[in-house]
1. Hey, Leu263 hits all of (1) free of Cβ contacts under 8 Å to residues at least 12 places away in the same chain; (2) under 30 Å from Leu164 (Cα atoms) but one; which does it fall short on?
2. Would a scan of the range 292-302 turn up a residue that is of a type outside the set (Phe, Trp, Tyr), touching a helix residue (DSSP H, G or I) at 6+ places or on another chain (Cβ under 9 Å) and either in contact (Cβ under 8 Å) with a residue 60 or more places away in the chain or part of a helix (DSSP H, G or I) (or both)?
3. Are there any pairs, at least 6 apart or on different chains, whose C-beta atoms fall under 6 Å, with the first in the range 224-241 and within 18 Å of Val278 (Cβ to Cβ) and the second aromatic (Phe, Trp, Tyr) and assigned to a helix (DSSP H, G or I), and if so, which?
4. When the residues of the range 9-56 are filtered to those that are among the aliphatic types (A, V, I, L, M) and touching a Pro at 6+ places or on another chain (Cβ under 8 Å), which remaining residue is surrounded by the most Cβ atoms within 10 Å (Cβ to Cβ)?
5. Taking the range 231-263 only, how many residues are more than 19 Å from Leu8 (Cα to Cα), buried (at least 19 other Cβ atoms within 10 Å of the Cβ) and not β-branched (Val, Ile, Thr)?
6. Of the residues Thr129, Thr120, which is farther than 30 Å from Ile185 by Cα and surrounded by fewer than 17 Cβ atoms within 10 Å (Cβ to Cβ)?
7. Pick out the one residue from Arg157, Arg175 that is at pLDDT 85 or above and of a type in the set (Lys, Arg).
8. Before we move on, is Leu45 modelled with pLDDT under 95 and among the aliphatic types (A, V, I, L, M)?
Amino acid sequence: MDLLISILSVAGYEGLIFGLVAIGVYITFRVLGFPDLGVDATFPLGGAVAAVFIVKGTNPLLATSLAFAAGLLAGMITGLLNTKLRISALLSGILMMVGLYSVNLRIMGGANIPLLREITAFDLFSKLTGLHGMALSIALAGLVALFIFFILNWFLRTEIGLALRASGDNEKMLRGLGVDTDKNILIGCSLSNGLVALAGALVAQNQGFCDVGMGIGIIVMALAAIIIGEGLFGHPKGILSILLACFVGTFAYRLFITLALRLGLPPGDLKLITSILVVIALGIPHLRKRMRQEWIPPASRM
């Protein structure tokens, strides 16, 4: 029983934190149709910015906010590469991912930065609530996730949010109606990377260090969580169901990973298992159509 509670607790915490990453990736990939691979570097960017400011004595809450702002800036630059320089979305994300690796090293002054002796947002929350250990991690992660959930649920229903969602569905029609779709791309990319950087800042503070490689494979993890969530919710359309699908899908994915580790799977194999899960999730709909002998369009090349 204790083992089950431990597994569910770890999966619950990681589902809440990495759910923010899944929502960020959902905004670019699903809402905007913008394959932003830069989030692999934005995740450690958030951790690096938060860690450096905390080490310098900045209030952890302010440091976390600055990490979110750094993510917004990184996402804006990715959007500008696409909208102003007309570099393809895929290449814009790759360029940011490569460039931010060096930026993260510059910010931290090395490959990693420890936070074990520093006061983090989790320490402040512990003093306020008296919680410790996994209960503390879940409580703070849940509070942040709940706040982001309600903010996004409100924002995506506003005029700007509706225009943002429409940009990915039919950009040409919106341009014909005089809507500045470039602005929507910038807003979407900024918001997406801001959420990813926020998650990176919280993860770095909770684990007690930030590492330049902590974001490797984060995009694949987020896509796996999104695909699992969509499968569980049957391709959700409403804002509430989409946000819930991201969190539930991330919880289910992290639960699977936690179980795999408990069963003795080497940590080095997790990236391979994640890739296989994504391939299976993406391939099942195709195989079902082939079994029903339905027409299948050619695979997208971009």
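The values are calculated or read from the model by the stated rules, or taken from the named source; none is laboratory data. Just so you know, these numbers come straight off a predicted model, no measurement behind them. Here the Cβ positions follow ideal geometry from the backbone for every residue, glycine too, while neighbour counts run over all protein chains shown.
1. It fails just one condition, (2).
2. There is at least one residue in the range 292-302 that is of a type outside the set (Phe, Trp, Tyr), touching a helix residue (DSSP H, G or I) at 6+ places or on another chain (Cβ under 9 Å) and either in contact (Cβ under 8 Å) with a residue 60 or more places away in the chain or part of a helix (DSSP H, G or I) (or both).
3. If the second residue must be aromatic (Phe, Trp, Tyr) and assigned to a helix (DSSP H, G or I), the pairs left are Ala224/Tyr253; Ala225/Tyr253; Ile226/Tyr26; Ile228/Tyr253.
4. Ala50
5. 1
6. Thr129
7. Arg157
8. It is false that Leu45 is modelled with pLDDT under 95 and among the aliphatic types (A, V, I, L, M).
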